[in-house]
Amino acid sequence: MKKFLTLALVLLLSLSLIACGGEGAKEEDKPEAEGPQSETIIDNEEVDKDSLEEITIGLVTDVGGIDDKSFNQGTWEGIQFYAKKFDLPASNIGYLQSTSDADYIPHLSQFSEDKKDLLVAPGFLFEESLKKISADFPDQKILFLDAVVDAPNILNALFAEHEGSYLVGVAAALKAQDAGKDTVGFVGGMDFDTIQKFEAGFEQGVLAVDPDMKIVVDYVGDFNNAEDGQTLAAKMYDAGVYVIYHAAGGSGNGVIKEAKDRVQNGEDVWVIGVDKDQYSEGVYEGNKSVILTSMLKGVDQAAYDVCKLTAQGKFEGGTVIYDLKANGVGIPADNPNLTEEWTKTINEFADKIKSGETVVDPVPSRVK
Amino acid sequence: MKLISSIVTLSLIYATPIIITALGGLYSERSGIVNIALEGIMVVGAFVAATFTPLNEAVFGNWTPWIAILLGALAGGLYSLIHAFVSIDLRADQVISGTALNMLSLGITVYFCQIFFNQQRTKTFNRGFVKTNVPLLSDIPIIGDLFFKRMYYTFYVALALVIITAFILKRTRFGLRLRASGEHPSAVDSVGVSVRKMRYIGVLISGLLAGLSGGIMVLTQATQFTAGSIHGIGFISLAALIFGRWNAYGVLGASIFFGFSQIFTIFSKDIPLLASVPAEIFKAVPYVLTIIAMLIFSRKNVGPKASGELYDVSKR
């Protein structure tokens with residue numbers, strides 16, 4: 001018995017060591033290639049393949065991992081799409097997965113020492129480490145997504161979340177009007193300017209459809225607390241909120257769970273997802289989901305564009321905002337819970353934003 | 001009224017995993033082993049339950065979450081045996097062993113997520129527990145609204161466990177021996193009962209309960225297991241155990257109070273007089289009270305006397 005337990009303990013401990021260090025250490029390649037098509041990346045510029053330099057690209061993931069169905073995965077898909085479209089050898093692109101914050105600097109350095117033509121860091125978690133890396137490797141071209149580090153060799157890609165949120169606000173208001181309800185809600189992760197952009201856009205989108213619609217706003221105070229997310233959602237639905245738009249990461253899981261529970265009890269409530277298409281997470285029966293639609297960030301588009309810029313020799317440090325016009329934000333192509341008519345209306349609003357007729361303010365009225 | 005019934009119901013739901021985990025801690029501490037690994041055991045239980053559910057929901061239908069939490073409990077029990085072995089047989093420091101298990105749990109579960117699902121979280125499941133109106137009982141005026149509407153059945157499981165635990169510890173021979181192992185192990189040994197066995201059982205039960213509670217937590221509150229699924233509830237349970245004075249009904253009261261203060265934080269913004277008080281204050285109340293409780297209890301010998309101490313037969 002004693003021997004067995006000792007063995008089991010040793011096994012567990014060694015597994016945990018592998019879990020900590022194993023996969024992060026090696027560079028992984030995903031060679032499979034299908035054909036250059038993407039539902040989400042748009043490129044209207046015809047480019048001669050031969051005019052492009054054959055670049056090498058390295059992606060360092062944050063702790064979410066390469067398969068997070070969100071930032072890391074989206075960015076990687078953008079890079080993969082670029083590689084497929086312009087026949088880049090599979091060995092030219094690769095990623096390193098980080099399992100803790102402590103991995104960022106070593107991984108970023110590793111790629112920089114390999115002299116990758118482009119280093120990609122998705123997500124604000126890289127902010128501190130990139131400050132160091134950009135100084136240590138001043139010639140390394142770096143794409144930083146969703147936050148800003150001021151350095152001549154970093155291109156910061158930001159997203160106009162307020163514009164995408166405006167569109168889901170339109171969707172929420174249309175749905176609520178259709179059901180004869182007068183209140184929709186917003187649940188944020190933490191109350192600071194980045195998340196307030198979501199709130200602001202949502203608010204304006206809702207009011208654009210129906211100026212009398214009430215909007216309840218609350219913040220969980222945490223991005224990883226499903227429990228409080230659920231409680232907040234319960235409170236809102238009890239107060240008569242019909243659709244909740246969440247921008248709360250893991251806490252949003254609790255919002256989705258509460259909606260599922262209520263729908264299974266015969267109530268009629270909805271959730272709007274964020275960052276990625278969350279339809280599958282809201283499925284409660286067969287193919288029915290509580291997710292009305294989702295606000296997407298086009299990290300794949302940004303990664304693709306910057307790969308191309310780099311290959312064209314046009315990479316420049318600075319900040320670029322990926323808005324609706326640049327396909328940086330939007331809603332999924334397929335929304336089973338929206339009628340065609342609503343989708344049409346949403347697209348009309350989108351066109352107005354793209355043409356500049358409607359300007360979405362990134363600051364919510366509550367803060368002004 | 002609707003506001004009050006929402007607050008009460010949500011508090012009870014919030015308290016459910018705290019109650020069950022704190023009961024687990026109760027068995028362990030009563031037997032003489034400090035188990036701060038509760039958090040890690042919950043993580044393991046939650047992971048197992050959340051892994052089982054999406055893979056089997058087509059097969060077991062509405063029974064899936066129940067089977068899942070039982071498996072979570074088993075996994076928690078197994079995992080806790082490491083703590084038992086290290087701290088009882090190898091005589092290691094119980095706090096260090098518990099800390100190690102807490103840290104290991106996240107690494108190992110995320111690692112297995114990566115193997116099973118190719119991502120650092122489990123697949124989303126569709127059949128977690130569903131909030132239900134209890135038939136008949138929910139029609140009782142007032143009481144029905146407060147305790148039987150939109151509840152998870154798991155709360156009643158927690159309640160039953162409290163009653164069973166109180167009975168076992170106070171009224172059975174096994175309970176007496178378990179408590180004696182934590183109060184005066186040499187006395188237990190002198191009448192021919194193995195302290196080692198009692199302590200193993202205490203830790204094992206704590207693991208089963210914490211695993212159960214982890215499973216319940218993820219299947220009632222989230223749609224998948226992530227590294228943040230448990231976020232400190234295991235430690236809150238330890239506080240509830242202390243605040244509840246190492247006693248089953250005390251644990252029940254303390255847990256519900258802790259749950260209430262968390263829920264109240266969320267609702268306080270809407271109550272006119274309280275809206276100006278920062279919500280964080282309400283959130284901190286349980287922990288401030290726990291510290292005060294510890295200060296008071298430290299003079300009175302409320303907890304198991306030999307808890308955390310190695311039992312060395314040769315020193316008898």
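Every number in this text was worked out from the coordinates using simple rules, so none of it is lab data. None of these values were measured; they are calculated from a predicted model. All Cβ positions, even for glycine, are placed from backbone atoms using ideal geometry, and neighbour counts span all protein chains on display.
Data table
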quantity	calculated
Peptide A:256-266 - average C-beta neighbours from other chains (10 Å radius)	4
DSSP-defined antiparallel bridges as percent of all bridges, the protein assembly as shown, nearest 5	15
Order of A:H246, B:H231 under a 10 Å beta carbon neighbour criterion, fewest first	B:H231, A:H246
Neighbouring partner chain Cβ atoms per residue of A:95-101, average, 10 Å criterion	1
Spin-label pair A:V148/A:D136, simplified geometry with 7 Å Cα→Cβ offset, distance in nm	2.6
Among B:99-112, B:68-81, the order from most to least packed when residues are scored by Cβ within 10 Å on average	B:68-81, B:99-112
Averaged over A:236-242, number of beta-carbon atoms from partner chains that fall within 10 Å	2
Length-normalised contact order of the stretch A:208-291 in % [C-alpha pairs under 8 Å, at least 6 apart]	25
Order of B:T265, A:T358 - criterion: other Cβ atoms within 10 Å of each residue's Cβ, fewest first	A:T358, B:T265
Amide hydrogen neighbours beyond the local backbone of A:N225, cut-off 5 Å, H modeled	A:S251
Relative contact order, percent, the stretch B:2-302 [alpha-carbon distance under 8 Å, six or more residues apart]	35
In sequence order, calculated HN-Hα J values of the stretch A:315-325 (Karplus, 6.51, -1.76, 1.60; Hz; x Gly/Pro)	5, 9, x, x, 10, 10, 9, 8, 9, 4, 5
Label-point separation, A:D114 to A:D48 (7 Å along Cα→Cβ), nm	3.1
Cβ charges +1 (Lys, Arg) and -1 (Asp, Glu), total dipole of the protein assembly as shown, debye	4760
Order of A:W270, B:W63, A:W342, A:W76 under a 10 Å beta carbon neighbour criterion, fewest first	B:W63, A:W342, A:W76, A:W270
Most positive-pole-ward Cα, A:F315, A:S289, A:V243, against dipole of the stretch A:236-323 from beta carbon charges	A:F315
Rounded if a/c under 1.5, otherwise prolate or oblate - the stretch B:161-316, Cα gyration tensor axes	prolate
Whole-number percent relative contact order across the stretch A:114-237, with pairs defined as alpha carbons under 8 Å at least 6 apart	20
Listed peptides A:307-317, A:151-161, A:90-100 by packing density, highest first (mean Cβ within 10 Å)	A:151-161, A:90-100, A:307-317
Model label zone, B:K269; criterion: amide N under 17 Å from point 7 Å along Cα-to-beta-carbon; scope the stretch A:210-232	A:214-232
Förster radius 25 Å - calculated FRET efficiency between A:E127 and A:V367 (Cβ-Cβ, nearest 0.05)	0.60
Label-point gap, in nm, between A:S280 and B:R171 - each point 7 angstrom along Cα→Cβ	5.1
Given charges at beta-carbon only (K, R positive; D, E negative), |dipole| of the stretch A:72-169 in Debye	280
5 angstrom amide H check on A:I244, placed H, neighbours 5+ away	A:G185, A:W270, A:V271, A:I272
Once the Cα gyration tensor of the stretch B:2-302 is diagonalised, semi-axes √(5λ) in Å	30, 25, 19
Rounded to whole Hz, the Karplus (6.51, -1.76, 1.60) HN-Hα couplings of the stretch B:269-283, x for glycine and proline	4, 8, 9, x, 5, 8, 4, 7, 7, x, 4, 4, 4, 5, 5
Amide H partners (placed H, <5 Å) of A:V290, local residues excluded	A:G282, A:V283, A:Y284
Furthest towards positive pole of dipole, B:A160, B:H83, B:H184, structure part the stretch B:2-302, Cβ charges	B:H184
Efficiency of FRET between A:S355 and B:A284 - r from beta-carbon atoms, R0 60 angstrom, step 0.05	0.75
Table column - 3J(HN,Hα) (Hz), the stretch A:175-181, Karplus curve with 6.51, -1.76, 1.60, x for Gly and Pro	5, 5, 4, 4, 8, x, 9
Lys, Arg +1 and Asp, Glu -1 on Cβ, resulting dipole of chain A about Cα centre, debye, nearest 20	720
Antiparallel content of DSSP bridges confined to chain A, in %, to 5	10
Percent antiparallel among DSSP beta bridges (both partners in the stretch A:164-317, rounded to 5)	10
Rg/Rg_globular for the protein assembly as shown, with Rg_globular taken as 2.2 N^0.38 Å and Rg from C-alpha atoms	1.03
Among B:M151, B:M217, B:M42: highest mean-square fluctuation, GNM of chain B, C-alpha pairs under 10 Å	B:M151
